[in-house]
Amino acid sequence: TFKERQEMIQRDSFPDALRGFALLGIALVNIPLLAIDPVAHVEGADLTEFSNASTAFIVIALFQAKFYLLFSFLFGYSAHYILKDSKQNRGRWVGRSVGLVLLGILHFSLLFFGDILFIYGLFGLLLLAFYFRKEKTLKVWAWVTYIVSGLLLLAVSALTMLGEQFLAMKGKSFPDLTTDDFASVMTNENFIASISDRLELWLTAAPTGFLLQGPMVFVAFLVGVLAARRKALGEGANASTMKKLAVWGLTLGLPIQLLSAYIFIQNAVAENYSYGTYLLSIAINFLAAPILSAGYVGVLWLLSRKLQLGLLSSAGKYSLTIYLSQSVVFATLFSAWGFGLFAKLGVLPVTLIGFATWLGLALIAKIVAKSGRKGPMESLLTSFSKLFGAKQ
């Protein structure tokens, strides 16, 4: 029937809608690094002010760590469309991964030191070693990677807190870990000269980023591959499963994230700041993020059965172009070589700018989508990947 055909179209377009939704969360999490503090993120703002604290609380609880996981999950899911369960297509996947590494290098050098494309490219190459393995193998690796990385995060948090208590007993404290050494990355008025600042910051932050995000990215890749095999976001989508994801995400994942954000904010404004408590809040935030991320998948899928998500779907079709365009807008607005708004706005206006940027780019994508044309960065990456192997 016509209704059944319409529902099939909605289900098939759902991965794009989810990807467009993920772009919003990524924008809201990334923008404070360019607008407030390149290292401390929202902590660089005065969190004793209600508007700053309340907005930071929302960003941490609802967006931080959740949306890059959604994006990573969809990256693994999309591997199915390129590899198509055929080893003959490995060349194209290698080309795509290498292309992302190169784009990542350009991205963190010229625009945003918090780039994720570089990590995606590297772990995309690693994914080839797992993609054609049995489902049980993928599940085991996903669980082992998640558990080991989680235990390491919690262990580092616990040891740091114990270290702080030990030093306190001796009347000492941890050295001040806050620094303004990297402020020049946003305050340098010379764009060319600022490239070295971005590279220095990226090289300094990259090890921490790899340890914190890398394992979770890979886990999301593997889960995405498993979901694609079952066509879990398309014709194989199950309403009962999606309802369970929504319920568990909102009843378990959301409260844990609210707790994480509360610990983070309370520690940030405390008279005796604890780096161990900060690490604990981050550990809780990242480890419980998959639960709320899964909840978002369930909620959005259920909404897609009742609402047209054309704006989100259009944004998702041009995800690479929009992701990089967001960085162009943010870097231009806040860098000294642009409009120089760095460290001049609170968390609320910065977050609103992030939302407005995503919305504007999504609207442009919806207009362009009517022509059926690919986005410029999508076309570039596709053409580059074809150099490594013809599409089968």
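The values are calculated or read from the model by the stated rules, or taken from the named source; none is laboratory data. Remember, predicted model here, so these are calculated numbers, not experimental data. In this analysis, Cβ positions are derived from the backbone assuming ideal geometry, glycine residues included, and neighbour counts consider all displayed protein chains. Remember, those area values only see protein heavy atoms, side chains included, never the ligands or the DNA or RNA. Shrake-Rupley method; radii C 1.70, N 1.55, O 1.52, S 1.80 Å.
The residue list Ala155, Met169, Ala183 was ranked by how far each Cα lies along the charge dipole of segment 144-291 toward its positive end, using unit charges on Cβ atoms, and Ala155 comes out on top.
The charge dipole of segment 162-282, taken about its Cα centre with unit charges on the Cβ atoms of Lys, Arg (+1), Asp and Glu (-1) only, comes to about 960 debye. Averaged over residues, the count of other Cβ atoms within 10 Å places the peptides 371-378, 324-331, 197-204 in the sequence 324-331, 197-204, 371-378, highest first. Computed over segment 189-319, the range of Cα coordinates on each principal axis works out to 49, 40, 27 Å, biggest value leading.
Would you list the membrane-span-like helices of the chain, meaning whole DSSP H runs whose alpha-carbon atoms span at least 18 Å along their axis and whose mean Kyte-Doolittle value is at least 1.6? Present the calculation step by step, with values, prior to reporting the outcome.
Working: long enough: 14-35 (32 Å, 1.51); 67-83 (24 Å, 1.39); 90-110 (30 Å, 0.86); 117-131 (20 Å, 2.27); 135-169 (51 Å, 1.13); 191-229 (47 Å, 1.24); 254-269 (23 Å, 1.33); 275-304 (42 Å, 1.48); 319-334 (22 Å, 1.44); 347-369 (33 Å, 2.02).
Helices meeting the span and hydropathy rule in the chain are 117-131, 347-369.
Remark: the chain carries a charge dipole of roughly 2400 debye about the Cα centre, counting +1 on each Lys and Arg Cβ and -1 on each Asp and Glu Cβ. When each of the peptides 344-354, 158-168, 285-295, 37-47 is scored by the mean number of other C-beta atoms lying within 10 Å of its residues, the order from highest to lowest reads 285-295, 37-47, 344-354, 158-168.
For segment 256-392, a simple Cβ point-charge model (Lys and Arg +1, Asp and Glu -1, everything else neutral) yields a dipole of about 820 debye relative to the Cα centre.
Just the ratio, please: alpha-carbon radius of gyration of segment 189-266 over 2.2 N^0.38 Å, N its number of residues. Could you put the intermediate results ahead of the total?
Numbers: Rg = 19.6 Å, N = 78, 2.2 N^0.38 = 11.5 Å.
That works out to 1.70 for segment 189-266.
In cubic angstrom, how much convex hull volume per residue do the alpha carbon atoms of segment 138-237 span? The partial results should precede the final answer.
Values: hull volume 15.9 nm³, N = 100.
About 159 Å³ per residue, rounded to a whole number.
So what is the calculated 222 nm ellipticity per residue for the chain, using -39500 (n - 2.57) for each DSSP H run with n of 4 or more, over all residues, to the nearest 500 deg cm²/dmol? Rounded to the nearest 500, it is -25000 deg cm²/dmol.
Listed here are the pairs Lys84/Lys317; Lys243/Lys306; Lys136/Lys386; Lys84/Lys386; Lys66/Lys243; which of them are more than 22 Å apart at the Cα? Lys136/Lys386, as the Cα separations exceed 22 Å there.
Please give the net charge around Trp141, taking every other residue with its beta carbon less than 12 angstrom from that of Trp141, where Lys and Arg add +1 and Asp and Glu add -1. Overall, the nearby charge balance is +3. Each part reduced to its alpha carbon centroid, segment 321-360 and segment 30-51 end up 13 Å apart.
When a/c is below 1.5 the answer is rounded, else prolate if a/b is larger than b/c, else oblate, so apply that to segment 81-191 with a ≥ b ≥ c taken from the square roots of the Cα gyration tensor eigenvalues.
On the way: a/c = 6.43, a/b = 1.41, b/c = 4.56.
Taking the square roots of the gyration eigenvalues as a ≥ b ≥ c, segment 81-191 is oblate.
On the chain, 67 percent of the accessible area sits on carbon and sulfur atoms, based on a 1.4 Å probe. Note: relative contact order over the chain, using C-alpha pairs below 8 Å and six or more positions apart, is 35 percent. With one equal scatterer per alpha carbon and no solvent term, the Debye-computed log10 I(q)/I(0) for segment 281-392 at 0.11, 0.14, 0.16 1/Å reads -0.56, -0.88, -1.05.
Using a probe of 1.4 angstrom and keeping all protein chains present, the accessible surface of the chain works out to 48 square angstrom per residue.
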